[in-house]
Amino acid sequence: MIDTMTSTPTAQAPAAGAATRAARRKAVIEAMRAAGGGVAILPTAPERMRNRDSDYPYRWDSYFHYLTGFPEPEAVLVIVADGERDESILFCREKNEEREIWDGFRYGPQAAAAHFCFDRALPIGSLDEEVPRLLANRGALFHALGADETLDARVRLWLGEVRAQARAGIGSPTRAIDLLSVLDEMRLRKDELELDTMRRAARISAAAHRRAMRASAPGLLEYEIEAELLYEFRRQGSQAPAYGSIVAAGHNACVLHYRANDALLRDGDLLLIDAGCELDGYASDITRSFPVNGRFSGAQRALYDIVLAAQHAAIAATRPGARFDDPHDAALAVLAQGMIDTGLLTGSRDGVIESGAYRRFYMHRTSHWLGMDVHDCGEYLEPGERHADGNRPSRILRPGMVLTIEPGIYVRTADDVPPALRDIGIRIEDDAVVDAQGCEIITADVPTDPDEIEALMRG
């Protein structure tokens, strides 16, 4: 018999992380005050129908969750910053016994306010009535400009209602400010709550990659290895993959966003796996490339060693005070020289880089931000800084920033490519937290050293 009383949240005590998220909302209020004050409106993601009576698994909006932790759909956060009565208001679904029988527990406004530390919470059905009142006589409206057509339409209606009261002496906001630009800066540097979650996500993903390495063998299909990954993600408490897993054998590894995952693993192939779990809203992102039969061939090992050396160079360049482009430049120098040494390219290293010839075999950047989204928010250029030519330099790395480090080489079959190197795709990707000493590789539990990979697969 299922004890339904213990299978739903009690909503008696504040949720884990509620105080941290309340502090984030206060930081938003301070930013709003600095811009003259006003009202911020931030909805969560809607539910999406997959087909007929089946919805996609629900996932809330990342920005909304960052500030609220509230997991239900049909919810809107409104923040008021006016210097007199600052407040955070959640609009959410009311309790509904019949719907809870079908769809599961709902907090309702009263429990949501207490559990997630809002100043107050109101029924979502009152949103159209309450928001115009909140907008009245406020200087600015903060929201995600142009990001949601449905919200934009409702905002126009709310503003129209306020403007209709002009003869009664009621003013409407005269400025619209992009709320996401404020939140992007906040989300770029992770706090300890976030870093703890990301480390746990990284450990789960690393265990899944080790499982996949041990399970791989000639004659299996790519999706059988994908199943090993998904099993380990869920077994250890991850809610979902952070993105569509890439399990690419042989020439499929030269397709950067390969998705089919249905080809045969052949003896002599390399298998590239790019997969990571999402845990409590935070992504991990790992790529490993290894031999299906457990032993690198000479040509595979030669290219693999180049990519691994490039990753080591990029990791060494990832430290506070460095620029975001520095790890890429360090990796690219190693990769370009390796392409020359193996006969993929001719000429000098500097010439190969300056001409862009390397892009035939390495066509992506070495890093991206990582956080609640696998390609996380945050500018890649340093705000408020420009070179003499007017261009902005890349971002200065600071403690708490999290980025991937993922160099690669992808050699498609071509007449001018040495035969032994054809149809080999290699990428090595780890997640790095910038800290005071340099960076912490939080995905180091899955090996990158080729000898360690072979030993793991033999074991």
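All of the numbers you see were taken from the coordinates with simple rules; none came from a lab. Please read all numbers here as calculations on a predicted model, not as lab measurements. Cβ: placed from backbone, ideal geometry, glycine included. Neighbour counts: every protein chain shown.
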Based on the mean of other Cβ atoms within 10 Å per residue, sort peptides 280-288, 69-77 so the most packed one is first. 280-288, 69-77
Cα-Cα separations in segment 18-186 greater than 27 Å, expressed as whole percent: 25
Here FRET efficiency (C-beta to C-beta, D128 to A19, R₀ 41 Å, nearest 0.05) is 0.85
Return the long-range amide H neighbours of N137 (sequence gap of 5 or more, or a different chain), with a cut-off of under 5 Å between placed amide H atoms. G171, S172
Order of H65, H387 under a 10 Å beta carbon neighbour criterion, fewest first: H387, H65
Measuring from the longest principal axis of the C-alpha atoms of the chain, the long axis of helix 179-188 (C-alpha) lies at a number of degrees, nearest 10, equal to 50
Note on the chain: alpha-carbon gyration tensor, axes a ≥ b ≥ c; rule is a/c under 1.5 for rounded, else prolate if a/b larger than b/c, else oblate; result prolate
Charges at C-beta only: +1 for Lys and Arg, -1 for Asp and Glu. How large is the resulting dipole of segment 1-150 about its Cα centre, in Debye rounded to 20? 460
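Restricting to segment 18-186, compute how many DSSP beta bridges are antiparallel as a %, nearest 5. Display every interim value, and only then the final one.
Values: 13 of 23 bridges.
Around 55 percent of the beta bridges assigned by DSSP in segment 18-186 are antiparallel ones.
Under the 0.36 nm per residue contour assumption, what length would be gained going from the current alpha-carbon distance of S297 and Y58 to full extension?
Result for the pair: 81.6 nm of gain on full extension.
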Computed about the Cα centre, the charge dipole of the chain from +1 Lys/Arg and -1 Asp/Glu charges at the Cβ has a magnitude in debye, to the nearest 20, of 460
Order these peptides, 328-337, 164-173, 298-307, by their mean beta-carbon neighbour count within 10 angstrom, highest first. 328-337, 298-307, 164-173
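Based solely on its DSSP helices, what 222 nm [θ] is calculated for the chain when runs of n ≥ 4 H residues each add -39,500 (n - 2.57) and the sum is averaged over all residues, nearest 500 deg cm²/dmol?
-11000 deg cm²/dmol
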Sort W369, W102 by Cβ crowding within 10 Å, fewest neighbours at the top. W102, W369
With Cα coordinates, the longest principal axis of the chain makes an angle with the long axis of helix 18-34, in degrees rounded to 10, of 70
Tilt of helix 298-316 relative to the longest C-alpha principal axis of the chain, in degrees (0 to 90, nearest 10)? 40
As a footprinting exposure proxy, order M49, M457, M32 by other Cβ within 10 Å, with the fewest listed first. M49, M457, M32
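Sort 216-227, 308-319 by the packing proxy (mean of other Cβ within 10 Å over each peptide's residues), most packed first.
Numbers: 216-227: 17.4, 308-319: 21.1.
Those peptides, ordered most packed to least, come out 308-319, 216-227.
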